[in-house]
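Below is one structure, written out as structure tokens, with a few remarks after it.
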Amino acid sequence: MESAQSEMNILPNGKGHDLGDDMGVPMKTLQEEDQQCNRFDDPEGMLESEEFLPNGDGKKPLRFTDFEGKTSFGMSVFNLGNAIMGSGILGLAYAMANTGILLFLFLLTAVAALSSYSIHLLLKSSGIVGIRAYEQLGYRAFGTPGKMAAGIAITLQNIGAMSSYLYIVKSELPLVIQAFLKADPNSDLWYLNGNYLVIMVSASIILPLALMKQLGYLGYTSGFSLSCMVFFLIAVIYKKFQIPCPFEDYTANSTAAHLTLNTSTHSHDLGHSMVHEIDDSHCTPQMFTLNSQTAYTIPILAFAFVCHPEVLPIYTELRNPSKRKMQRVSNISILVMYTMYFLAALFGYLTFYGNVEAELLHTYSRIDPYDTLILCVRVAVLTAVTLTVPIVLFPVRRAIQQMLFPNKTFNWLRHIAIALILLTLINMLVIFAPNILGIFGIIGATSAPCLIFIFPAVFYIRIVPKDDEPMTSIPKILAACFAALGVTFMVMSLSFIVIDWTTGTSHAGGGH
């Protein structure tokens, strides 16, 4: 069996079959797919899973298009929306404070449009060759190096994302439990230990969901996760009309409440503190803002719509799949997330203006750490990020299977073992690594631009037949510009990290 043929003998969810299996499944050869590439873009939405013709030797190797998807359109939107929605939404108000409303809106709109076009390039490439796996697109474009590059980028990017989610669980869940139980923060109670809690959450919630055979089964949990973030958005909008500007810090209120001696002196100090607060608070929204932190917000916005490793797995499991239908799934998901991102950033910024912190919920805690609504919002955000981890784990597991076991049939033991190993390594990283922000920065600055901009563009240029679109065609020129934009983002992000390390300035927080 030739290497090229065996590489194509993979099913989309990591399953592989020997060529002798399932001989009755209709399929078409690569040459016939290239000759009929226009079928995938026909106005009637012709299905890519229609009957294929046998090859010359009478054998019928299974293709990615042979998989019968069963996930509905709505569940696919939920899954992709959940993949887009990350913990970065908590830092968007801070990003708006350092860019201004209009500049933030322009950047967010540009990134959403670029992300949608990037997904279009992925779907176009996959439709031409009948492949719905990122790694196999890399193999078709550049052989084994292309497949390994895509697989490594997906693995690094998604491991970083999962680690960031579990860091939120480790740091926030003990504070929520402590606030609800009014427990002593200095106590050694086991249920206030973030290390124990992150292990319990991983074992009881994330692992069972990660063991699902298909990504489509997580549509219900994705819908619930998105509803939690909608609750977060509603609370942010509600609090805008409840919190005055400038707000009073909780520590100042506590001091006033426990005033017993030196009333006049304390009143003078408190009054001076409030005057200082008023002087420092600018309760007028800024349309354009440029400062030292503005540059750090650009990568946050640039990577706010990272979902590309999940696009093709969701495409594979879509019922009656077509490129046009999957593009609608992507556009709707991006539009919904775009709306939620902008509203969360706008009302968070209009609540605190220049006093907003890199993590929005921390700013609310400065007013009242025992606010019941904000505590419920914290629980909702923790639930959302926890239910996002299994969605992000699926592409990593498939990338590992594509790289290490490309010709193996689906095996439950291997399926479970990879999930267990991944979760164990991520938990160890979260628990024992003293500071991996630099590692996360390097991963995000390299793998994210590759997955969003560079790979979709260069794969498209290599895969699309020259007869259909010569290198001088407008689509390929746009793809080349898109790849150049990705390289620019990579260099810019790495420059920010180097500046951050050399100056000791902290990041603005919250990536995907």
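The numbers here are math on the coordinates, done by the rules we state, and not lab data. Here the structure is a predicted model, which is why all the values come from computation and not from measurement. Don't worry about glycine lacking a Cβ; one is built from the backbone with ideal geometry, like all the others, and counts go over all protein chains shown.
Where does the charge balance sit around V392 when Lys and Arg score +1, Asp and Glu -1, over other residues with C-beta under 15 Å from its C-beta?
Details: positive: R397, R398; negative: E310.
Within the 15 Å Cβ shell, the charges total +1.
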Any chance you could run the full-extension gain for Y220 through N411? It's 0.36 nm times the residue separation minus the Cα-Cα distance, nm to one decimal.
66.3 nm
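Suppose R0 equals 35 Å. What FRET efficiency, 1/(1 + (r/R0)^6) with r the Cβ-Cβ distance, do Y117 and S495 give to the nearest 0.05?
Numbers: r = 25 Å, r/R0 = 0.71.
Using R0 = 35 Å, I get an efficiency of 0.90.
What FRET efficiency comes out for D249 versus T424 if R0 is 35 angstrom and r is the Cβ-Cβ distance? Round to the nearest 0.05. Can you show the working numbers first?
Working: r = 41 Å, r/R0 = 1.18.
Efficiency for this residue pair is about 0.25.
Count the net charge of all other residues whose Cβ sits under 12 Å from the Cβ of S330, scoring Lys and Arg as +1 and Asp and Glu as -1. Walk me through the numbers before you get to the answer.
Working: positive: K323, R324, K325, R328; negative: E310.
Local charge sum for S330: +3.
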For segment 74-84, Karplus-derived ³J(HN,Hα) couplings (6.51, -1.76, 1.60; θ = phi - 60°; whole Hz; x for glycine and proline) come out as x, 5, 5, 4, 4, 5, 5, x, 5, 5, 6
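Can you compute the FRET efficiency between K240 and A183 using 1/(1 + (r/R0)^6), with r the Cβ-Cβ distance and R0 = 22 Å? Round to the nearest 0.05.
Efficiency for this residue pair is about 0.10.
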Using label points projected 7 Å from each Cα along Cα→Cβ, tell me how many nm separate N193 and S171, to one decimal.
2.1 nm
With x for Gly and Pro, the residue-by-residue ³J(HN,Hα) of segment 397-414, computed from phi through the Karplus equation 6.51 cos²θ - 1.76 cosθ + 1.60 at θ = phi - 60° and given in whole Hz, is 4, 5, 4, 5, 5, 5, 7, 9, 10, x, 10, 8, 6, 4, 9, 4, 4, 5
Over 28 Å between Cα atoms, which of K170/K408; K325/K408; K213/K325; K70/K476; K70/K408 qualify?
K170/K408; K325/K408; K70/K476
Using the basic label-point model (7 angstrom from Cα toward the beta carbon), what is the M287 to T446 distance in nanometres?
4.2 nm
Pseudo-spin-label distance L404 to H362, built 7 Å along Cα→Cβ, given in nm, is 3.6 nm
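Between R462 and L478, what length in nm is gained on full extension when 0.36 nm per residue of separation is reduced by their alpha carbon distance?
Details: separation 16, 0.36 × 16 = 5.76 nm, distance 1.38 nm.
That pair, R462 and L478, stretches by 4.4 nm at full extension.
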